[in-house]
Amino acid sequence: LAKTTQPISMDSYEGQEVNITCSHNNIATNDYITWYQQFPSQGPRFIIQGYKTKVTNEVASLFIPADRKSSTLSLPRVSLSDTAVYYCLVGDGLRGYSTLTFGKGTMLLVSP
Amino acid sequence: GAVVSQHPSWVICKSGTSVKIECRSLDFQATTMFWYRQFPKQSLMLMATSNEGSKATYEQGVEKDKFLINHASLTLSTLTVTSAHPEDSSFYICSAPMDRVNNSPLHFGNGTRLTVT
């Protein structure tokens with residue numbers, strides 16, 4: 001399974017753009033990259049998924065360089081409610097689903 | 001949109017008793033569901049894969065006789081913690097794939113906080 005490395009924590013202020021980078025040097029050809037957000041005492045929530053280049057949805061963008069050994073989750077204009085833990089997962093596809101293994105995640109703290 | 005509903009959201013039980021947690025997929029069918037456990041300030045740990053109509057698949061180190069999983073229908077999986085002990089106190093979360101294609105992301109329930117006294 002591809003292992004992911006993320007910063008343990010990040011701090012930001014309201015209105016700023018936040019970029020969280022995840023390293024996955026051993027990503028396999030069939031692997032997708034998936035990001036989840038988790039608030040305390042809640043289950044994770046899917047944010048975005050991508051395979052290469054750039055993916056954008058209504059809440060975030062995901063940038064993936066050509067070698068796919070890393071990816072960056074970009075949150076535009078964060079608010080206090082974006083304070084949460086963000087997990088980067090890399091799928092192995094062997095189970096037929098996106099990877100089920102969570103790493104330690106990045107605790108994002110947004111201040112006023 | 002599709003949602004995974006988990007019940008109860010919290011439960012307190014005495015040591016030695018059993019607790020059942022339900023996980024339902026709303027508005028979609030889930031032939032496979034996943035059960036996770038999360039201790040305070042730690043990440044999610046996959047416990048088992050629940051398969052509709054067949055036996056669950058447990059991760060290494062998870063006791064199948066202690067954590068009984070039943071997936072009797074396409075919308076319901078249950079996790080029963082048998083003979084619970086204080087060390088079983090944790091946050092239990094279920095999930096189901098959003099669709100049946102490879103690399104499908106997961107819908108997660110809101111979790112069940114189990115406290116064993």
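For segment A:7-26, what are the residues that are open to solvent by 30 Å² or more (accessible area, probe 1.4 Å) and outside any strand (DSSP E or B)?
Selection gives A:7, A:8, A:14, A:15, A:16, A:17, A:25, A:26.
Output the number of the condition that residue A:111 fails; it satisfies all remaining conditions of (1) under 11 Å from the mean Cα position of the chain (by Cα); (2) surrounded by fewer than 18 Cβ atoms within 10 Å (Cβ to Cβ); (3) touching a residue at least 40 places away in the same chain (Cβ under 8 Å).
Condition not satisfied by residue A:111: (1).
Would you mind stating whether residue B:72 is out of contact with any Cys (no Cβ under 7 Å at 6 or more places or on another chain), surrounded by fewer than 13 Cβ atoms within 10 Å (Cβ to Cβ) and under 20 Å from residue B:18 (Cα atoms)?
It is true that residue B:72 is out of contact with any Cys (no Cβ under 7 Å at 6 or more places or on another chain), surrounded by fewer than 13 Cβ atoms within 10 Å (Cβ to Cβ) and under 20 Å from residue B:18 (Cα atoms).
Going through B:103, B:70 one at a time, which residue ends up being away from every other protein chain (no Cβ under 14 Å) and without any contact (Cβ under 8 Å) to a residue 24 or more places away in the chain?
One residue alone meets the criteria, B:70.
Within the set of pairs 6+ apart or on separate chains, which have a first residue in segment B:22-44 that is facing chain A (nearest Cβ under 10 Å), a second that is of a type in the set (Lys, Arg) and in a loop (DSSP other than H, G, I, E, B), and C-beta atoms under 7 Å apart?
What qualifies is B:43/A:104.
Which residue, of A:63, A:46, A:39, is among the aromatic types (Phe, Trp, Tyr), more than 13 Å from the chain's Cα centre (by Cα) and either at the interface with another protein chain (Cβ under 10 Å from one of its Cβ atoms) or surrounded by fewer than 18 Cβ atoms within 10 Å (Cβ to Cβ) (or both)?
Step by step, each of A:63, A:46, A:39 is checked, and only A:39 is among the aromatic types (Phe, Trp, Tyr), more than 13 Å from the chain's Cα centre (by Cα) and either at the interface with another protein chain (Cβ under 10 Å from one of its Cβ atoms) or surrounded by fewer than 18 Cβ atoms within 10 Å (Cβ to Cβ) (or both).
If I ask for residues that are aliphatic (A, V, I, L, M) and either under 18 Å from residue B:116 (Cβ atoms) or open to solvent by 40 Å² or more (accessible area, probe 1.4 Å) (or both), which ones from segment B:3-50 would you list?
The first filter runs over segment B:3-50 and keeps only residues aliphatic (A, V, I, L, M), leaving B:3-4, B:11-12, B:19, B:21, B:26, B:30, B:33, B:44-48.
Within segment B:3-50, B:3, B:11, B:12, B:19, B:21, B:26, B:45, B:47 qualify.
The values are calculated or read from the model by the stated rules, or taken from the named source; none is laboratory data. In this text, all values refer to a predicted model and were calculated from it rather than measured experimentally. Neighbour counts are summed over all protein chains in view; Cβ atoms, including those assigned to glycine, are modelled from backbone coordinates with ideal geometry. These area figures cover heavy atoms from the full protein model, side chains too; ligands, DNA and RNA do not enter into them. Shrake-Rupley method; radii C 1.70, N 1.55, O 1.52, S 1.80 Å.
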